[in-house]
Amino acid sequence: MKKNIKKGKITMIITIGITCFILVLVMSMQFKIVNQTDITSIENMREAELRTEFANWKSKYEDIEQQYDETMEKIEEYRTTSQSNEETEKLVDEELEQLNMSLGKTDVQGQGIEVTLRETNNEEIARINGDDLLVIVNALKIAGAEAISINDERIINMSDIVDINETFIKVNGKRILAPYVIKAIGNSAYLETALTGNGGHVDEMKKIGQDVSIEKSNKVKILKYEGEINLKYIQ
């Protein structure tokens, strides 16, 4: 769409240039005819012929004046259209930016929290698994998180968090290793409470001895989603 707008602006500029060139060419031809006219011959014309010639020149002048007025109207129309296109282009850019943010295709930064989950050397304490990460992500979404990532892998609607043979975890098809850092942008108080309040998953993990910490920040940075977004069934 953006390319079509720019192409239209180029076409309008070329049209204005051609129109102005034709107008200047017509006026130049008329002035040339005036300069080449034999004044002596005009003086020898009869009064009727002079009146006819004057009427012809007056008609030609009026035609040129009309062409000038029409050209100026077109230029003003093109100028208005150009300004309108610039405004439309700006709105399109803003909509595209908002769409990319919603799809996770843009780096974002804002208020939020960082949750860090570390494995312990105590074999009696259960390892952190994919379900732990999934439950935390879902709790953050319910609490109003606007963007989430795990080890800088952006979480979008089609992201997968999979535990492979209770050995390692994959996010967006990529293997990630501990420590697991979950970043979320949103109201930091709401996000933290969703995880640490009574019955919150982080609270439950701490009770069984797992190492989980939460840090609030006003500058949580979440990177864009690097994968391809392929829709098979949406038309």
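The values are calculated or read from the model by the stated rules, or taken from the named source; none is laboratory data. Everything quoted here is computed from the prediction, not taken from an experiment. Glycine gets a Cβ as well: all are built from the backbone with ideal geometry, and neighbour counts include every protein chain shown.
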query = If we keep just the residues of segment 204-214 that are within 40 Å of the chain's Cα centre (by Cα) and surrounded by 13 or more Cβ atoms within 10 Å (Cβ to Cβ), which is nearest to A189 (Cα to Cα)?
reply = I214
remark   = Pairs returned, first residue in segment 109-133 that is more than 19 Å from V220 (Cα to Cα) and in the same structural domain as P179 (by TED's automatic domain parsing), second residue that is acidic (D, E) and not in a loop (DSSP other than H, G, I, E, B), beta-carbon separation under 6 angstrom, 6 or more apart or interchain, are R118/D211; T120/D211; N129/D163; G130/D163
request  = Would you kindly identify the strands (runs of 3 or more DSSP E) lying entirely within segment 99-210 that contain at least 3 residues that are closer than 18 Å to Y225 by Cβ?
outcome  = 108-118, 147-150, 153-155, 168-171, 174-176, 180-185
note = The residue from I234, I164 that alone is at pLDDT below 90 and over 22 Å from D107 (Cα atoms) is I234
key: Filter pass, T196 being β-branched (V, I, T) and in contact (Cβ under 8 Å) with a residue 60 or more places away in the chain   = no
